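Notes follow the structure.
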Amino acid sequence: QVQLVESGGGLVQAGGSLRLSCAASEHTFSRNVMGWFRQAPGRERDFVARIAWSGGVTRYADSVKGRFIISRDNAKNTVYLQMNSLKPEDTAVYYCAAGWYTTTTPDEYDYWGQGTQVTVSS
């Protein structure tokens, strides 16, 4: 059973930075891809970024491209989301997820963390 625990959320002013972490309870080699998603109140869960454990190939949503960076530390079984130049519209609960496929669809990820709140004030 893969367990994912996010941390690093908080309140930040617009233009600031935060780094989210997602620690996996076991090496997710059996789950090829780690993703970050976010959900704002009244909205669907949206794809933010993903990374493959092997090779580190990444993909980003257009809304965060150039501002956010996803990375992973295989030795620590941890995935990070460095968020720079934050905007109020980035405010949401951020979730990490593990899955088999290089997809942006939330339903195709098998395991989810509990989420961490990110609030960006204007």
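The values are calculated or read from the model by the stated rules, or taken from the named source; none is laboratory data. What you are looking at is a predicted structure, and each value in this text was computed from that prediction instead of being measured. So basically every Cβ, Gly included, is an ideal-geometry build from the backbone, and we count neighbours across all protein chains shown. Protein only, heavy atoms only, side chains kept; ligands, DNA and RNA dropped before computing areas. Shrake-Rupley method; radii C 1.70, N 1.55, O 1.52, S 1.80 Å.
For this structure, a couple of remarks:
- Being of a type outside the set (D, E, K, R), surrounded by 14 or more Cβ atoms within 10 Å (Cβ to Cβ), modelled with pLDDT of 95 or more and more than 11 Å from the chain's Cα centre (by Cα) is a condition met by no residue of region 66-76.
- Residue, modelled with the lowest pLDDT, within region 7-30, restricted to residues that are under 10 Å from the mean Cα position of the chain (by Cα) and buried (at least 20 other Cβ atoms within 10 Å of the Cβ): Cys22
- Condition met for Ser54 (modelled with pLDDT under 95 and either open to solvent by 70 Å² or more (accessible area, probe 1.4 Å) or over 18 Å from Gly113 (Cβ atoms) (or both)): yes
- Odd one out for Val33 among (1) over 11 Å from the mean Cα position of the chain (by Cα); (2) over 17 Å from Asp107 (Cα atoms): (2)
- Among the residues of region 77-117, those that are open to solvent by 40 Å² or more (accessible area, probe 1.4 Å) and outside any loop (DSSP other than H, G, I, E, B) comprise Gln82, Pro88, Glu89, Asp107, Glu108, Asp110, Tyr111, Trp112, Gln117.
- Being touching a strand residue (DSSP E or B) at 6+ places or on another chain (Cβ under 7 Å), closer than 18 Å to Gln114 by Cα and either touching a residue at least 12 places away in the same chain (Cβ under 8 Å) or assigned to a loop (DSSP other than H, G, I, E, B) (or both) is a property that Ser21 has.
- Members of region 25-67 found to be among the acidic types (Asp, Glu) and under 17 Å from Asn84 (Cα atoms), listed by number: Asp62
- Of all residues in region 25-74, those satisfying the criterion of being among the charged types (D, E, K, R) and assigned to a loop (DSSP other than H, G, I, E, B) are Glu26, Arg31, Arg43, Glu44, Arg45, Asp62, Lys65, Arg67.
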